[in-house]
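Visitor: I have a structure here, written as structure tokens, and I will follow up with some questions on it.
Laboratory data are not the source of any read-out in this text; all were calculated from the coordinates shown. Note that the structure is a prediction, hence the values are computed from the model and not measured. Here the Cβ positions follow ideal geometry from the backbone for every residue, glycine too, while neighbour counts run over all protein chains shown.
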Amino acid sequence: MDRNKNDYISFASVISAFAVVVLHTNGCFWSFSKTARYWKTANIIECVFYFAVPIFFMISGATLLDFFQRYGLREFLIKRIRKTVVPYIFWSLFGLGFQVYYLKSVDKEMINGKYIINGLLSGGHVSIYWFFIPLFCAYLSIPLFAALAEELRKKVLCYMAIICFLLNCVMPFLNSVYRIQIKYQFSVAVGSGYLLYLILGYLLYKYEVKDKVRYSIYALGIVGLLMHILGTYRLSMAAGEIVSTYKGYTNVPCILYSVAVFLFVKYAWGGKATSVCLVNRIMYFLKDYTFGVYLIHWYIIQIAIREFDVNTQSIYYRLGFPFAIVAVAIVLIQLIRKIPFGKSILP
């Protein structure tokens, strides 16, 4: 990978990590109110920053789908275990203790071997760690994609992306939106769920996109974002509760929007905004902390809410506090990395 590609992948990782923090400070979205003003802004914030998780998967596809060109299967698995599985297990168990003894949201009488194992296998010990389970499944699938012959990879992956998007995403979405109740059973398992993002991430990273196609993708991305915002608002207001027809990370609106954001980052990197020295310095500094911020920001949010009586519906909290959370997280990461095994739990 040349330096420019590494730079924009790092930049995508930084903005995605920040977006995750914003999504979690904007948690009041899930407390629906038909009359309160906060929910209207929360809906917009939720939809605008919804690209966070998909882009993390796309980055994994971009950087790992050709790993056989750099190292073997054994090293691939060892790297994934060290970088993600070990931190996940540690922080999941830490989170369990945090909820038992600090938040007191879990009764310690419930804790036994079965409870611990179930939580680790489901990502349930810390609510935001659900992300790890589909990530681990994606890692286990990557060698199958990486084993494609390089001369066939582009054609095969393009074919898979189109077929999987149409059959796994578009058709169920149309069924849901228009309630046409077609007994639809076609599905392509090899690109189901988040695996589609691995494929899309690799293709967008590896190959150039013609201007006309790129601008069309941007337009579709705007359409996807508007569908998400307006569709969720309209249906939820009518039902008096959150309706998820237009939501979901593997749903059409999110896919269109996330692909557009990823592509925009690729082609915007190196432009006037990102060529500013300060922007580069900030990005290069933050890129080594993105995964760590994801791992520990939830604890900072919980402590802040508990100790400082934060108004979680305030727009200032929802848009301003993420900057403070990231700053505090970076300081903690630096300190933890200095202790024995610190880099193992916060790589």
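Visitor: Using the Kyte-Doolittle scale, find the helices of the chain whose mean hydropathy is at least 1.0 and whose Cα atoms extend 27 Å or more along the helix's long axis, counting only whole DSSP H runs.
Guide: 315-337
Visitor: Beyond 22 Å, what percent of the Cα pairs of the range 1-97 remain?
Guide: 51 percent
Visitor: OK, next. Using all alpha carbons of the chain, what is the percent of pairwise distances in each 20 Å bin, ordered from the shortest bin to the longest?
Guide: The calculated distribution, bin by bin, is 27, 61, 12, 0.
Visitor: With unit charges on the beta carbon (Lys/Arg positive, Asp/Glu negative), name the residue among Cys158, Cys254, Asn118 whose Cα is farthest towards the positive pole of the charge dipole of the chain.
Guide: Cys158
Visitor: Once you've got the Cα coordinates, tell me which of Lys154/Lys210; Lys104/Lys338; Lys79/Lys114; Lys83/Lys247; Lys210/Lys287 are over 18 Å apart.
Guide: Check vs 18 Å cut-off fails for Lys104/Lys338; Lys79/Lys114; Lys83/Lys247; Lys210/Lys287.
Visitor: Classify the range 83-197 as rounded, prolate or oblate from the Cα gyration tensor: take a ≥ b ≥ c as the square roots of its eigenvalues, call it rounded if a/c is under 1.5, otherwise prolate when a/b beats b/c and oblate if not.
Guide: Oblate, since a/c reaches 1.5 and b/c is not below a/b.
Visitor: Taking every eigenvalue of the Cα gyration tensor of the range 162-251, multiplying by 5 and rooting it, what semi-axes result, largest first, whole Å?
Guide: Listed largest to smallest, the semi-axes of the range 162-251 are 26, 19, 11 Å.
Visitor: Mind checking which lysines have their Cα closer than 18 Å to the Cα of Lys212? Skip sequence neighbours fewer than 8 apart in that chain.
Guide: Counting by Cα, and skipping residues close in sequence, Lys212 has these lysines nearby: Lys266.
Visitor: Let me ask something else about it. Compute log10 of I(q)/I(0) for the range 240-347 with the Debye formula, placing one identical point scatterer on every Cα and leaving out solvent, at q = 0.18 Å⁻¹, to two decimals.
Guide: -1.17
Visitor: Still on this model: Taking every alpha carbon pair in the range 192-306, what does the distance histogram look like in 10 angstrom bins from 0, in percent?
Guide: Distribution as computed: 11, 26, 35, 23, 4, 0 percent.
Visitor: Let me ask something else about it. Would you mind finding the longest exposed-site-free stretch of the chain, with exposed chymotrypsin sites (Phe, Trp or Tyr not before Pro) meaning DSSP loop and at most 15 other Cβ atoms within 10 Å?
Guide: The segment 208-340 is the longest one with no such site.
Visitor: Over the range 172-224, one equal point on each Cα, no solvent: what is log10 I(q)/I(0) by the Debye formula at q = 0.17, 0.24, 0.25 Å⁻¹?
Guide: Evaluating at q = 0.17, 0.24, 0.25 Å⁻¹ gives log10 I(q)/I(0) of -0.82, -1.03, -1.03.
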